[in-house]
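Comments concern the structure below.
The values are calculated or read from the model by the stated rules, or taken from the named source; none is laboratory data. If you're wondering where the values come from, they're calculated on a predicted model, not measured in any experiment. Glycine gets a Cβ as well: all are built from the backbone with ideal geometry, and neighbour counts include every protein chain shown. Accessible surface is based on the protein model in full, side chains and every heavy atom, while ligands, DNA and RNA are left aside. Shrake-Rupley method; radii C 1.70, N 1.55, O 1.52, S 1.80 Å.
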Amino acid sequence: MTDRPQETHQVVVVGAGPAGLLLAAELRLAGVGTVVLERHAKRPDFCRGFNLNARALDLLARRGLDRRFVDEGWQVGHAAFSGLPVTLNLAGTATDHPFSLGIPQTRVEEVLEEHAAKSGADIRRGHAFEGLDQDDDGVTVHVNAGYRIRAEYVVGCDGGRSGVRKSAGIAFPGTASTRFTLLGDVELAEEGALPFGVTGPVFTIPRPGYVRIVTEDREPPADRDEPVTLDRFQAAVDDALGRHVELRAPRWLTRFGNAARQAEEYVKGRVLLAGDAAHIHPPAGAIGVNVALDDAFNLGWKLAATVGGNAPDGLLASYHDERHAVGVDLLASTRAQVVLGEPDDRLAPLIELLTRVANHPGGNRAFTETLTGLDTRYPMDSCQEHPHPWLGRLAPDVPLSTDEGEVTLASLLASGRGVLVDSSEDRAFLAQAESWQDRLTLVGASGLAPSAVLVRPDGHTAWAAHGEPSKQDSADLERALHRWHGAGRHTAPASVTRQRNVER
Ligand SMILES: Cc1cc2nc3c(=O)[nH]c(=O)nc-3n(C[C@H](O)[C@H](O)[C@H](O)COP(=O)(O)OP(=O)(O)OC[C@H]3O[C@@H](n4cnc5c(N)ncnc54)[C@H](O)[C@@H]3O)c2cc1C
């Protein structure tokens with residue numbers, strides 16, 4: 001393979017699923033040369049997921065992308081949680097999008113692919129990753145189309161069976177599947193022969209022009225990858241129902257298990273993982289696409305700063321620290337849903353107790369925020385005895401009055417840069433951050449509840465001052481600026497400190 005022609009690029013992203021496409025767009029926003037390798041020449045016809053959750057929409061809104069999806073999806077005011085007979089309400093939770101959005105995953109990918117391509121990502125369909133070699137200076141990626149790419153970093157967004165993960169020797173510990181589920185996207189020969197919803201052990205969901213039927217695979221073959229035929233699926237459904245319901249015109253027949261595994265390292269040298277490549281979990285809760293987008297959003301700006309030479313020590317490692325911890329919670333919550341669905345009478349008191357908690361308004365909110373990731377709070381340094389409640393969390397999309405006019409906090413993040421908003425009387429924090437103006441948008445504004453706030457490019461609050469500005473606030477800000485944006489650069493004093501968007 002070494003005699004193959006070689007190209008040089010800054011970052012190679014393997015996989016054009018939700019994680020890879022959003023990551024590529026984020027890297028391009030910061031001007032990073034990005035190639036996406038996707039083994040499929042065209043997107044498969046079948047559709048796995050059908051939703052974007054509140055957290056994913058909040059993140060997409062930080063780049064002005066949420067409307068693209070909201071305008072064509074359908075809104076449901078609650079979150080999915082299998083295993084408990086409760087409705088998890090999104091009203092009153094910490095989100096700017098208090099709903100789950102019904103939208104096919106294939107459509108989400110189409111929009112993200114268009115966005116990534118427009119941003120300048122070089123998306124190569126039909127080009128499969130075959131292997132990699134990494135050294136201290138870079139990574140060589142072997143591509144099936146007969147060439148190599150030398151890159152500074154490679155990100156495996158290549159799904160649960162990630163070849164990148166395997167090639168980099170990253171361990172993937174967890175639990176193997178104990179149960180298997182058959183899924184069929186089919187038509188009913190006789191319309192209405194099977195009601196929508198749960199019919200004994202069969203779950204039927206209406207889809208445009210077809211139905212999705214899922215049922216347990218009671219006798220999975222030794223080779224779990226053996227293709228599922230219509231005959232096999234028909235027999236499993238009939239067996240589960242105890243009667244014959246004729247199925248036809250299969251669009252997608254598959255089998256999936258309830259394995260839960262997580263990569264031990266999300267960052268290994270110059271190889272990184274995001275999305276399903278970093279974690280697989282049972283599909284309960286319908287959250288995989290959303291977590292994949294969340295990983296990509298956390299990683300994009302950090303990798304871009306690293307490639308651009310602006311990253312402080314430890315910035316890339318913080319991707320592992322922050323997202324691995326979220327992955328641990330993800331596996332726990334999806335596995336819990338599977339356990340609660342087990343046919344085991346001993347679970348009845350637990351289900352009863354959790355149902356009571358989830359039906360309590362405070363409990364309902366806590367459940368909903370935990371399961372959707374709305375409670376995500378990354379660890380941030382603060383010497384304050386009582387840090388501002390926004391610290392570490394996604395800063396809400398509050399309206400702001402700047403000298404340039406009315407804006408919202410989320411809209412200030414559209415360029416992919418971090419933002420410092422100062423509503424203190426003397427705007428002293430803006431003056432303090434002058435040396436970071438090549439990396440930050442500095443905004444003087446009124447109408448902000450904390451007196452000033454530093455928001456990372458991914459929308460999470462890195463620092464917030466409340467009350468009268470103090471020396472402590474200033475020391476905390478200095479630390480936060482260095483921790484997330486590296487050393488300041490001395491530039492000529494600027495005359496405008498109201499709102500500044502300096503081009504890269
Ligand atoms: C039946 C089912 C239903 C689901 N329902 C939902 C739902 O309702 N909501 C939800 O949020 N999630 C759902 N999920 C989960 C969701 O589909 C995944 O979590 C999500 O697609 C992960 O995104 P990703 O970008 O990490 O990986 P993927 O979407 O798997 O993308 C990986 C990409 O990498 C490519 N690739 C793989 N190997 C190579 C290679 N060697 N070279 C180049 N390219 C390669 C693949 O072709 C693919 O395009 C469901 C999953 C299943 C199986």
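State which residue is most open to solvent (accessible area, probe 1.4 Å) when the search covers only the range 375-418 and only residues that are more than 27 Å from the chain's Cα centre (by Cα) and within 30 Å of VAL328 (Cα to Cα).
It comes out as GLU385.
Which of the residues that make up the range 197-217 are away from the ligand (no atom under 16 Å from the Cβ) and either under 15 Å from GLY184 (Cβ atoms) or small (Gly, Ala, Ser) (or both)? Steps first, answer last, please.
Filtering the range 197-217 for residues away from the ligand (no atom under 16 Å from the Cβ) gives 197-201, 209.
If the condition is that a residue be away from the ligand (no atom under 16 Å from the Cβ) and either under 15 Å from GLY184 (Cβ atoms) or small (Gly, Ala, Ser) (or both), then GLY197, THR199, GLY200, PRO201, GLY209 are the ones that fit.
Of all residues in the range 184-204, count the ones that are open to solvent by less than 40 Å² (accessible area, probe 1.4 Å) and within 25 Å of GLY17 (Cβ to Cβ).
Summing the residues that are open to solvent by less than 40 Å² (accessible area, probe 1.4 Å) and within 25 Å of GLY17 (Cβ to Cβ) in the range 184-204 gives 3.
For the range 44-136, give me every one of the helices (runs of 4 or more DSSP H) that falls completely inside it and has 1 or more residues that are touching a Pro at 6+ places or on another chain (Cβ under 9 Å).
Helices (runs of 4 or more DSSP H) meeting the threshold: 54-61, 105-118.
In the range 137-146, which residues are surrounded by 14 or more Cβ atoms within 10 Å (Cβ to Cβ) and either among the β-branched types (Val, Ile, Thr) or not in a strand (DSSP E or B) (or both)?
GLY138, VAL139, THR140, VAL141, VAL143 - these are the residues of the range 137-146 that are surrounded by 14 or more Cβ atoms within 10 Å (Cβ to Cβ) and either among the β-branched types (Val, Ile, Thr) or not in a strand (DSSP E or B) (or both).
Residue by residue through the range 442-467, note down the ones that are within 25 Å of the chain's Cα centre (by Cα) and polar (S, T, N, Q).
Selection gives THR461 alone.
Considering the range 147-183 alone, what residues qualify as being open to solvent by 20 Å² or more (accessible area, probe 1.4 Å), of a type in the set (Gly, Ala, Ser) and more than 30 Å from VAL338 (Cα to Cα)?
Hit for the range 147-183 is SER167, nothing else.
Could you say whether any residue in the range 25-37 is open to solvent by less than 10 Å² (accessible area, probe 1.4 Å) and among the basic types (Lys, Arg)?
no
Take VAL139 and decide whether it is of a type in the set (Val, Ile, Thr), over 30 Å from ALA80 (Cα atoms) and within 14 Å of the ligand (Cβ to nearest atom).
Considered against the rule, which asks whether it is of a type in the set (Val, Ile, Thr), over 30 Å from ALA80 (Cα atoms) and within 14 Å of the ligand (Cβ to nearest atom), VAL139 comes out as no.
Going by the conditions given, is GLU38 among the acidic types (Asp, Glu) and within 13 Å of the ligand (Cβ to nearest atom)?
Yes: the conditions hold for GLU38.
Among (1) among the hydroxyl-bearing types (Ser, Thr, Tyr); (2) within 20 Å of ARG55 (Cβ to Cβ); (3) in contact with an Asp or Glu (Cβ under 8 Å, 6 or more places away or on another chain), which single condition is SER382 missing?
With (1) among the hydroxyl-bearing types (Ser, Thr, Tyr); (2) within 20 Å of ARG55 (Cβ to Cβ); (3) in contact with an Asp or Glu (Cβ under 8 Å, 6 or more places away or on another chain) applied to SER382, the lone miss is (2).
Looking at this structure, is ARG248 more than 16 Å from the ligand (Cβ to nearest atom), open to solvent by 10 Å² or more (accessible area, probe 1.4 Å), modelled with pLDDT of 95 or more and in the same structural domain as GLU191 (by TED's automatic domain parsing)?
yes
Pull out all pairs, ordered by first then second residue, where Cβ-Cβ is under 8 Å, the residues are six or more apart or on different chains, the first lies in the range 202-220 and is free of Cβ contacts under 8 Å to residues at least 40 places away in the same chain, and the second is of a type in the set (S, T, N, Q) and open to solvent by 30 Å² or more (accessible area, probe 1.4 Å).
VAL214/THR181; THR215/THR181; GLU216/THR181; ASP217/THR181
Go over the candidates GLY444, GLY467 one by one and state the one that is at pLDDT below 90 and either surrounded by fewer than 14 Cβ atoms within 10 Å (Cβ to Cβ) or more than 19 Å from TRP301 (Cα to Cα) (or both). So that I can check it myself, show each step before the final result.
Details: GLY444 fails: at pLDDT below 90.
Only one candidate passes the filter, namely GLY467.
Select from the range 13-27 the residues that are in a helix (DSSP H, G or I), more than 6 Å from the ligand (Cβ to nearest atom) and not charged (D, E, K, R) and list them in ascending order.
Correct list: LEU21, LEU22, LEU23, ALA24, ALA25, LEU27.
When PRO450 is evaluated against the numbered criteria (1) part of a loop (DSSP other than H, G, I, E, B); (2) free of Cβ contacts under 8 Å to residues at least 60 places away in the same chain, which criterion, by number, is the only one it fails?
(2)
Of all residues in the range 227-252, which are under 24 Å from SER162 (Cβ atoms) and among the aliphatic types (A, V, I, L, M)?
Result: VAL228, single match.
For every residue, the table says whether it meets (1) surrounded by 15 or more Cβ atoms within 10 Å (Cβ to Cβ); (2) away from the ligand (no atom under 15 Å from the Cβ).
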site	(1), (2)
ASP96	yes, yes
GLY102	no, no
GLN105	yes, no
GLU109	yes, no
LYS118	no, yes
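Within the set of pairs 6+ apart or on separate chains, which have a first residue in the range 12-27 that is without any contact (Cβ under 8 Å) to a residue 12 or more places away in the chain, a second that is more than 8 Å from the ligand (Cβ to nearest atom) and open to solvent by 10 Å² or more (accessible area, probe 1.4 Å), and C-beta atoms under 8 Å apart?
none
Could you list all residues from the range 408-447 that are touching a residue at least 12 places away in the same chain (Cβ under 8 Å) and among the β-branched types (Val, Ile, Thr)?
Selection gives VAL419, VAL421, THR441, VAL443.
Just for helices (runs of 4 or more DSSP H) wholly inside the range 262-374: which have at least 3 residues that are hydroxyl-bearing (Ser, Thr, Tyr), open to solvent by 40 Å² or more (accessible area, probe 1.4 Å) and more than 16 Å from the ligand (Cβ to nearest atom)?
Output list is empty.
Please specify each residue of the range 74-90 satisfying the condition of being in contact with a helix residue (DSSP H, G or I) (Cβ under 9 Å, 6 or more places away or on another chain) and at pLDDT 95 or above.
ASN89, LEU90 - these are the residues of the range 74-90 that are in contact with a helix residue (DSSP H, G or I) (Cβ under 9 Å, 6 or more places away or on another chain) and at pLDDT 95 or above.
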